Amino acid sequence: MPDPEYAFLDAGSVPGYVAADPVLAALVDTGDLEPVREVGDGNLNLVFVVRDRSGRGLVLKQALPYVRLVGPVWPLSPRRAWHEAHALRLHGALAPDGVPRLYGYDEARYVVAMEDLSDHTVWRTALNAGRRHDGAAEALGRYVADVAFGTSALGLDSTRLKDLQARSVNPQLCGITEDLVLTEPFAGATRNTVLPANAPDAAALLDDTDVGAEMGRAKWIFMTRAEALIHGDLHTGSVLVRAGGGAVDGTVGSTRAFDTEFSFHGPVAFDLGTLWANHVLAASRAIAQGEDERAAWILDLVPRTWNAFEQRLRDRWPERVDPRALTGGVLDGLLSRWRSEAWLFGAAEAARRIVGMAKVSDVETLPAELRAGAARGVLHVTRRWVRERHADADPTRAARIAGDLLAEHRTQ
Ligand code: SR1
Ligand code: MG
């Protein structure tokens, strides 16, 4: 068991912690706080919402020296909090409406202080509840593009790029992704689990040598292609949405990516594929529940994300730092490769949420008899996306393939 050399926060100690920090103390009335709430529902950290009675607030997120989901038997460096703050700072400068505002970082206790977005909802929660936020996919596509441009050789000169790459090396968190997302679903692992009804589907995935070879390529790309300071874990549970005009849903008023602790200099398509996969998972739920029209809306988020991403990069292309070398054909080549790699990374993320250890509520909270068909459909999407990405990587086609397979395999 790790021996923590720093004190963990709890609801009782947070008010004193805030009051002792002049920057944080200026953000709320420390003499008139509401009871502090611990709201961490992710796999790794403690998260506290601090609000005063006039409505001002902030959030403190503290990294534990182990994986919260599992406990001290799985030690994990709390330095991941530094990576979260680092990415929030840089992403916030490039996409100010794309992430929570960073208020500060405490390197002694691994605490990130950031904007309170309690008026937002986790996008996965909203999707599971049948709510729509039109425009959120496009906002995320633009966020990924702004970050890709501003932290890569498109927006940085050689020296600044290499300095950023060096500072962004995040081996422990990358190791989790390399194991849980890019290896274990396809090679087998004792911590993989599925419903008994899905055991043949998981076995077929393991036996699929084409998928195995392509996932080896995916892992190679993830481990070697230091393109941009990507989010690194951009699933719908890492996104907050708020409808415009105080509505419950409808046109989105605010879309923020959070939980940037997995950030590192990696392949741009990883973030796109992770988003796409989680739209497939949300659609598998809707199709299992017989909501085919809503599933079609969800799957349309796949091309919407891509189109906004591509358009933003084309719009920003004239600003590139090295127009002598980066000529027009380079952008077309990058976009073509990222489009195809998004299918591959999307396939990996979809499969790991079905057979791997970190599952998602979209599928897990379905009744077991519906869950088996949804899970089977998602695994078929994985295997087909891996094969089809070389033929024609049009994102609309990826969505259509997913919709057809989810409908074909749903429990009747
Ligand atoms: C042990 S961490 C499991 C998962 O939680 C995070 O949100 C990442 O998705 C990671 O793979
Ligand atoms: Mg997370």
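The values are calculated or read from the model by the stated rules, or taken from the named source; none is laboratory data. The structure displayed is predicted, hence computed values, not measured ones. Here Cβ is always computed from backbone atoms with ideal geometry, including for glycine, and neighbour counts include all displayed protein chains. Just the protein is used for accessible areas: all its heavy atoms, side chains included, with ligands, DNA and RNA removed. Shrake-Rupley method; radii C 1.70, N 1.55, O 1.52, S 1.80 Å.
Peptides 211-221, 196-206, 59-69 ordered by packing proxy, namely the average of other Cβ atoms within 10 Å per residue, highest first: 59-69, 211-221, 196-206.
Given their separation in residues at 0.36 nm each and the Cα-Cα distance between them, L69 and H390 gain 111.9 nm when the chain is fully extended.
Peptides 302-308, 21-27, 288-294 ranked from most to least packed give 302-308, 288-294, 21-27, packing being the mean of other C-beta atoms within 10 angstrom over each peptide's residues.
A helix-only calculation puts the chain at -16000 deg cm²/dmol for mean residue ellipticity at 222 nm, using -39500 (n - 2.57) for each DSSP H run of at least four residues, averaged over all residues. At full extension, A368 and T190 could sit 61.9 nm farther apart than now, given 0.36 nm per residue minus the alpha carbon distance.
Based on protein heavy atoms only, the chain ends up with 40 Å² per residue of surface accessible to a 1.4 Å probe. Between D249 and T327, the FRET efficiency estimated from the beta carbon spacing at R0 = 41 angstrom works out to 0.40.
Here the simple spin-label model places points 7 Å from the Cα toward Cβ, and for S336 and E107 these points are separated by 4.5 nm. Across region 301-307, rounded Karplus estimates of 3J(HN,Hα) from the backbone phi angles (6.51 cos²θ - 1.76 cosθ + 1.60, θ = phi - 60°) give 5, 4, x, 4, 4, 4, 4 Hz, Gly and Pro being marked x. For region 121-409, which whole percent of the accessible surface, found with a 1.4 angstrom probe, sits on carbon and sulfur atoms? C and S atoms contribute 51 percent here.
Region 263-308 and region 73-98 have Cα centres spaced 24 Å apart.
Computed extension gain for N307 through R53, at 0.36 nm per residue and net of the alpha carbon distance, reaches 87.2 nm. With R₀ fixed at 25 Å, the C-beta to C-beta distance from A93 to E34 puts the FRET efficiency at about 0.20. Taking a ≥ b ≥ c as the square roots of the eigenvalues of the alpha carbon gyration tensor, region 172-263 is oblate, as a/c is not under 1.5 and a/b does not beat b/c.
Per-residue 3J(HN,Hα) values for region 163-171, derived from phi via the Karplus relation 6.51 cos²θ - 1.76 cosθ + 1.60 with θ = phi - 60°, read 4, 5, 4, 5, 6, 9, 5, 9, x Hz in sequence order (x marks Gly and Pro). The mean sequence distance of close C-alpha pairs (under 8 Å, at least 6 residues apart), as a share of the length of region 36-151, puts its relative contact order at 19 percent. In this structure, the pairs whose alpha-carbon distance is over 25 Å, taken from K162/K359; K61/K219; K162/K219, are K162/K359; K61/K219. Between the alpha-carbon centres of region 130-201 and region 1-68 there is a gap of 27 Å.
Each part gets one Cα centre, and for region 330-390 versus region 231-245 those centres are 18 Å apart.
Summary value for the chain: 16 percent relative contact order, contacts being C-alpha pairs under 8 angstrom separated by 6+ residues.
Highest mean first, the peptides 229-241, 36-48 sorted by other C-beta atoms within 10 Å per residue fall in the order 229-241, 36-48. Taking a ≥ b ≥ c as the square roots of the eigenvalues of the Cα gyration tensor, region 1-109 is oblate, since a/c reaches 1.5 or more and a/b is not larger than b/c. The relative contact order of region 153-237 comes to 36 percent, based on Cα pairs under 8 Å that sit 6 or more residues apart.
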